[in-house]
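This report concerns only the one structure given below.
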Amino acid sequence: MPEHAREDPDSVNSISELVVTIDGPAGSGKSTVARLLAERLDAAFLDTGAMYRAITLAAVRDGVELSDEGQLVAVLAKHRFDFKAAQGKMLVAIDGQDVTEAIRDNDLTAKVRFAAAAPRVRERLVRMQRAFAARHARIVTEGRDQGTVVFPEANAKFYLTAHVRERARRRKTELEAKGRPADLEQIRQAIEARDRSDENRTVGPLKPAPDAVVIDTTDLSIAQVVERVYRHIEERCSRSV
Ligand code: DC
(Lines give C-alpha, C1' and ligand atoms only; values in the text may rest on other atoms or scores of the structure.)
Protein backbone atom coordinates (compact mmCIF):
# COMPACT_ATOMS: atom_id res chain seq x y z
CA MET A 1 0.00 0.00 0.00
CA PRO A 2 1.41 3.42 -0.88
CA GLU A 3 2.45 5.70 1.95
CA HIS A 4 1.07 9.14 1.32
CA ALA A 5 0.89 12.48 2.98
CA ARG A 6 -2.85 12.56 3.50
CA GLU A 7 -2.91 9.64 5.93
CA ASP A 8 -3.27 10.60 9.54
CA PRO A 9 -0.10 9.33 11.20
CA ASP A 10 -1.55 9.99 14.66
CA SER A 11 -4.13 7.30 14.10
CA VAL A 12 -1.42 4.68 13.73
CA ASN A 13 -0.19 3.36 16.98
CA SER A 14 1.53 0.04 16.78
CA ILE A 15 5.03 -0.82 17.86
CA SER A 16 7.52 -2.16 15.34
CA GLU A 17 9.40 -5.29 16.28
CA LEU A 18 12.70 -4.02 14.83
CA VAL A 19 13.75 -0.48 13.94
CA VAL A 20 17.27 0.08 12.62
CA THR A 21 18.39 3.64 11.89
CA ILE A 22 21.28 4.59 9.61
CA ASP A 23 22.28 8.24 9.52
CA GLY A 24 25.19 9.99 7.91
CA PRO A 25 26.31 12.55 5.34
CA ALA A 26 25.88 12.37 1.55
CA GLY A 27 28.06 9.68 0.00
CA SER A 28 28.70 7.77 3.22
CA GLY A 29 27.11 4.68 1.66
CA LYS A 30 24.09 4.70 3.93
CA SER A 31 21.45 4.29 1.19
CA THR A 32 23.07 1.24 -0.36
CA VAL A 33 23.85 -0.28 3.03
CA ALA A 34 20.32 0.38 4.29
CA ARG A 35 18.80 -1.24 1.19
CA LEU A 36 20.96 -4.35 1.39
CA LEU A 37 20.46 -4.65 5.12
CA ALA A 38 16.68 -4.34 4.75
CA GLU A 39 16.75 -7.18 2.23
CA ARG A 40 18.81 -9.34 4.54
CA LEU A 41 16.58 -8.64 7.53
CA ASP A 42 13.40 -8.94 5.47
CA ALA A 43 12.54 -5.42 6.61
CA ALA A 44 10.91 -2.44 4.86
CA PHE A 45 13.38 0.19 3.68
CA LEU A 46 12.69 3.89 4.22
CA ASP A 47 14.74 6.51 2.37
CA THR A 48 13.81 9.73 4.19
CA GLY A 49 15.97 11.92 1.94
CA ALA A 50 13.58 11.00 -0.89
CA MET A 51 10.78 12.69 1.08
CA TYR A 52 12.67 15.99 1.38
CA ARG A 53 13.59 15.72 -2.29
CA ALA A 54 9.99 15.05 -3.39
CA ILE A 55 8.52 18.05 -1.58
CA THR A 56 11.29 20.21 -3.05
CA LEU A 57 10.52 18.99 -6.57
CA ALA A 58 6.80 19.67 -6.13
CA ALA A 59 7.61 23.16 -4.80
CA VAL A 60 9.95 23.94 -7.73
CA ARG A 61 7.32 22.75 -10.21
CA ASP A 62 4.70 24.93 -8.50
CA GLY A 63 7.07 27.89 -8.74
CA VAL A 64 6.87 28.65 -5.02
CA GLU A 65 9.46 30.61 -3.05
CA LEU A 66 11.55 27.86 -1.43
CA SER A 67 12.55 29.98 1.55
CA ASP A 68 8.88 30.53 2.45
CA GLU A 69 7.99 27.83 4.97
CA GLY A 70 4.24 28.48 4.73
CA GLN A 71 4.32 27.87 0.98
CA LEU A 72 6.28 24.64 1.44
CA VAL A 73 3.73 23.39 3.96
CA ALA A 74 0.97 24.27 1.49
CA VAL A 75 2.75 22.24 -1.21
CA LEU A 76 2.82 19.25 1.13
CA ALA A 77 -0.93 19.55 1.72
CA LYS A 78 -1.83 20.20 -1.91
CA HIS A 79 -0.19 17.19 -3.54
CA ARG A 80 -0.35 13.48 -3.01
CA PHE A 81 3.08 11.99 -2.26
CA ASP A 82 3.54 8.23 -2.53
CA PHE A 83 6.60 6.49 -1.10
CA LYS A 84 6.71 2.81 -1.79
CA ALA A 85 9.52 0.33 -1.14
CA ALA A 86 9.93 -1.84 -4.24
CA GLN A 87 12.62 -3.73 -6.15
CA GLY A 88 15.30 -2.76 -3.67
CA LYS A 89 14.64 0.97 -4.00
CA MET A 90 12.10 3.52 -2.97
CA LEU A 91 9.60 4.48 -5.64
CA VAL A 92 8.40 8.05 -5.32
CA ALA A 93 5.38 9.60 -7.02
CA ILE A 94 3.76 13.02 -6.91
CA ASP A 95 0.06 13.01 -7.78
CA GLY A 96 0.48 9.58 -9.36
CA GLN A 97 3.43 10.59 -11.57
CA ASP A 98 6.66 8.68 -10.98
CA VAL A 99 9.52 11.02 -9.95
CA THR A 100 11.98 8.41 -8.65
CA GLU A 101 14.70 9.59 -11.05
CA ALA A 102 13.74 13.27 -11.23
CA ILE A 103 14.35 13.80 -7.50
CA ARG A 104 18.02 12.79 -7.94
CA ASP A 105 18.81 15.69 -10.25
CA ASN A 106 21.89 17.72 -9.18
CA ASP A 107 20.19 21.12 -9.33
CA LEU A 108 17.32 19.82 -7.26
CA THR A 109 19.71 18.27 -4.72
CA ALA A 110 21.21 21.70 -4.06
CA LYS A 111 17.73 23.12 -3.33
CA VAL A 112 16.64 20.49 -0.78
CA ARG A 113 18.22 22.46 2.06
CA PHE A 114 15.22 24.81 2.20
CA ALA A 115 12.68 22.07 2.97
CA ALA A 116 15.21 20.38 5.27
CA ALA A 117 15.59 23.55 7.36
CA ALA A 118 11.85 24.29 7.65
CA PRO A 119 10.64 23.10 11.09
CA ARG A 120 7.00 22.65 10.06
CA VAL A 121 7.98 20.61 7.03
CA ARG A 122 10.24 18.42 9.16
CA GLU A 123 7.51 17.98 11.75
CA ARG A 124 5.12 16.62 9.10
CA LEU A 125 7.70 14.38 7.47
CA VAL A 126 8.76 13.01 10.85
CA ARG A 127 5.12 12.04 11.52
CA MET A 128 4.93 10.31 8.14
CA GLN A 129 8.15 8.44 8.92
CA ARG A 130 6.78 7.23 12.27
CA ALA A 131 3.54 6.23 10.57
CA PHE A 132 5.55 4.20 8.06
CA ALA A 133 7.30 2.42 10.93
CA ALA A 134 4.00 1.71 12.63
CA ARG A 135 2.76 -0.11 9.53
CA HIS A 136 5.77 -2.39 9.25
CA ALA A 137 6.99 -4.98 11.73
CA ARG A 138 10.61 -4.31 10.75
CA ILE A 139 12.18 -1.27 9.17
CA VAL A 140 15.59 -0.02 8.19
CA THR A 141 15.41 3.74 7.85
CA GLU A 142 18.11 6.10 6.63
CA GLY A 143 18.59 9.87 6.74
CA ARG A 144 20.13 12.52 8.96
CA ASP A 145 17.94 12.53 12.08
CA GLN A 146 16.53 9.02 12.27
CA GLY A 147 18.43 7.94 15.37
CA THR A 148 18.40 11.33 17.08
CA VAL A 149 14.89 12.71 16.51
CA VAL A 150 12.58 10.31 14.72
CA PHE A 151 13.30 6.97 16.41
CA PRO A 152 15.16 7.67 19.65
CA GLU A 153 14.03 4.23 20.88
CA ALA A 154 15.35 2.33 17.82
CA ASN A 155 16.73 -1.16 18.48
CA ALA A 156 20.00 -0.36 16.75
CA LYS A 157 21.47 2.91 15.48
CA PHE A 158 24.32 3.46 13.07
CA TYR A 159 26.13 6.54 11.85
CA LEU A 160 28.15 6.08 8.67
CA THR A 161 30.80 8.54 7.69
CA ALA A 162 33.66 8.73 5.17
CA HIS A 163 36.33 11.19 4.13
CA VAL A 164 34.91 13.85 1.82
CA ARG A 165 37.40 12.92 -0.94
CA GLU A 166 36.13 9.35 -0.96
CA ARG A 167 32.50 10.47 -0.87
CA ALA A 168 33.11 12.71 -3.90
CA ARG A 169 34.85 9.86 -5.72
CA ARG A 170 31.87 7.56 -5.10
CA ARG A 171 29.45 10.16 -6.41
CA LYS A 172 31.56 10.69 -9.53
CA THR A 173 31.61 6.94 -10.23
CA GLU A 174 27.84 6.80 -9.74
CA LEU A 175 27.26 9.67 -12.19
CA GLU A 176 29.63 8.19 -14.75
CA ALA A 177 27.82 4.87 -14.54
CA LYS A 178 24.72 6.78 -15.64
CA GLY A 179 26.67 8.20 -18.58
CA ARG A 180 27.09 11.63 -16.98
CA PRO A 181 30.72 12.78 -16.88
CA ALA A 182 31.41 14.84 -13.76
CA ASP A 183 34.13 17.04 -12.30
CA LEU A 184 35.53 15.68 -9.03
CA GLU A 185 36.34 19.08 -7.55
CA GLN A 186 32.86 20.45 -8.27
CA ILE A 187 31.29 17.38 -6.70
CA ARG A 188 33.49 17.74 -3.62
CA GLN A 189 32.47 21.37 -3.20
CA ALA A 190 28.77 20.52 -3.55
CA ILE A 191 29.13 17.77 -0.93
CA GLU A 192 30.92 20.12 1.46
CA ALA A 193 28.18 22.73 1.02
CA ARG A 194 25.56 20.08 1.78
CA ASP A 195 27.49 18.89 4.85
CA ARG A 196 27.55 22.45 6.17
CA SER A 197 23.82 23.01 5.78
CA ASP A 198 22.99 19.50 7.11
CA GLU A 199 25.18 19.98 10.19
CA ASN A 200 24.24 23.55 10.99
CA ARG A 201 20.46 23.69 10.74
CA THR A 202 18.67 24.06 14.05
CA VAL A 203 16.07 21.34 13.45
CA GLY A 204 17.07 17.73 12.80
CA PRO A 205 20.75 18.46 12.14
CA LEU A 206 23.14 15.80 10.96
CA LYS A 207 24.85 14.29 14.00
CA PRO A 208 25.33 10.85 15.50
CA ALA A 209 22.95 9.80 18.26
CA PRO A 210 24.88 9.30 21.52
CA ASP A 211 24.11 5.56 21.35
CA ALA A 212 24.88 5.13 17.63
CA VAL A 213 27.63 2.83 16.38
CA VAL A 214 29.87 5.06 14.23
CA ILE A 215 31.48 3.40 11.22
CA ASP A 216 34.03 5.13 9.01
CA THR A 217 33.45 3.60 5.56
CA THR A 218 36.35 5.34 3.77
CA ASP A 219 38.34 2.14 3.32
CA LEU A 220 35.54 -0.39 3.48
CA SER A 221 33.53 -2.02 0.72
CA ILE A 222 29.74 -1.95 0.85
CA ALA A 223 29.74 -5.68 1.66
CA GLN A 224 32.11 -5.11 4.59
CA VAL A 225 29.92 -2.32 5.99
CA VAL A 226 26.76 -4.43 5.67
CA GLU A 227 28.52 -7.30 7.44
CA ARG A 228 29.63 -5.08 10.35
CA VAL A 229 26.22 -3.53 10.74
CA TYR A 230 24.55 -6.96 10.60
CA ARG A 231 26.89 -8.36 13.26
CA HIS A 232 26.08 -5.47 15.61
CA ILE A 233 22.37 -6.06 15.12
CA GLU A 234 22.81 -9.77 15.79
CA GLU A 235 24.58 -8.96 19.05
CA ARG A 236 22.10 -6.32 20.19
CA CYS A 237 18.84 -7.77 18.99
CA SER A 238 19.44 -11.51 18.95
CA ARG A 239 15.73 -12.23 19.33
CA SER A 240 14.76 -10.21 16.22
CA VAL A 241 17.35 -11.38 13.69
O1 DC B 1 20.05 11.38 1.73
P2 DC B 1 19.77 12.36 0.59
O3 DC B 1 21.00 12.86 -0.12
O4 DC B 1 18.75 11.83 -0.36
O5 DC B 1 19.11 13.64 1.32
C6 DC B 1 18.78 14.80 0.61
C7 DC B 1 18.71 15.97 1.55
O8 DC B 1 17.56 15.82 2.40
C9 DC B 1 19.88 16.15 2.52
O10 DC B 1 20.86 17.05 2.04
C11 DC B 1 19.27 16.70 3.76
C12 DC B 1 17.84 16.29 3.70
N13 DC B 1 17.48 15.25 4.68
C14 DC B 1 17.16 15.66 5.94
O15 DC B 1 17.25 16.85 6.24
N16 DC B 1 16.74 14.76 6.87
C17 DC B 1 16.66 13.46 6.55
N18 DC B 1 16.22 12.59 7.46
C19 DC B 1 17.02 13.01 5.25
C20 DC B 1 17.45 13.95 4.35
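If each residue of separation counts as 0.36 nm, what is the full-extension length gain between Lys89 and Val60 once their alpha-carbon separation is subtracted?
In short, 8.1 nm is gained.
For the chain, what does the accessible surface come to per residue with a 1.4 Å probe? Please give it in Å².
Computed with neighbouring chains in place, this is 48 Å² per residue.
Using only C-alpha positions, report the orientation-averaged shadow area of the convex hull of segment 13-57, nm², one decimal.
Mean projected area for segment 13-57: 4.2 nm², to one decimal.
Rounded to the nearest 0.05, what FRET efficiency is calculated for Gln186 and His163 with R0 set to 22 Å and r the Cβ-Cβ distance?
In this case the efficiency is close to 0.80.
Between Ala74 and His232, what length in nm is gained on full extension when 0.36 nm per residue of separation is reduced by their alpha carbon distance?
52.7 nm
With no solvent and one equal point scatterer per Cα, compute the Debye intensity ratio I(q)/I(0) for segment 27-130 at 0.15 Å⁻¹ and report its log10, rounded to two decimals.
-0.61
Could you tell me the extents of segment 178-241's C-alpha atoms along the three principal axes, largest first, rounded to whole Å?
Here the Cα extents, ordered largest to smallest, are 45, 35, 19 Å.
Report the residue, chosen from Leu37, Leu91, Leu46, that carries the largest GNM mean-square fluctuation when the chain is represented by alpha-carbon nodes joined by springs under 10 Å.
Comparing Leu37, Leu91, Leu46 in a Gaussian network model of the chain, the most mobile one is Leu91.
Taking amide hydrogens as modeled 1.01 Å from N in the peptide plane, which residues meet the under 5 Å criterion relative to Val214, leaving out close sequence neighbours?
Amide H to amide H, under 5 Å and 5 or more residues apart or across chains, Val214 pairs with Tyr159.
Can you run the Rg to Rh ratio on segment 125-241? Use alpha carbon positions and the Kirkwood inverse-distance Rh.
1.00
Could you work out what % of the accessible surface of the chain is carbon and sulfur, using a 1.4 angstrom probe and leaving DNA, RNA and ligands out of the count?
48
Just to check I understand the Karplus step: with θ = phi - 60° and J = 6.51 cos²θ - 1.76 cosθ + 1.60, what whole-Hz values come out for segment 180-186, glycine and proline as x?
10, x, 9, 8, 4, 5, 5
Beyond 31 Å, what share of the Cα-Cα pairs of the chain is found? Please give it as a whole percent.
Result for the distance tail: 18 percent.
If you build a Gaussian network model of the chain, linking Cα atoms that sit under 10 Å apart, which residue out of Gly147, Gly29, Gly70 swings the most?
Highest fluctuation of the listed residues: Gly70.
Keeping all protein chains in the complex and leaving out DNA, RNA and ligands, what accessible area do you get for Lys89 with a 1.4 Å probe, in Å² to the nearest 10?
80
The values are calculated or read from the model by the stated rules, or taken from the named source; none is laboratory data. All figures in this text were calculated on a predicted structure; none of them were measured in a lab. So basically every Cβ, Gly included, is an ideal-geometry build from the backbone, and we count neighbours across all protein chains shown. What goes into the accessible areas is simple: the full protein's heavy atoms, side chains included, and nothing from ligands, DNA or RNA. Shrake-Rupley method; radii C 1.70, N 1.55, O 1.52, S 1.80 Å.
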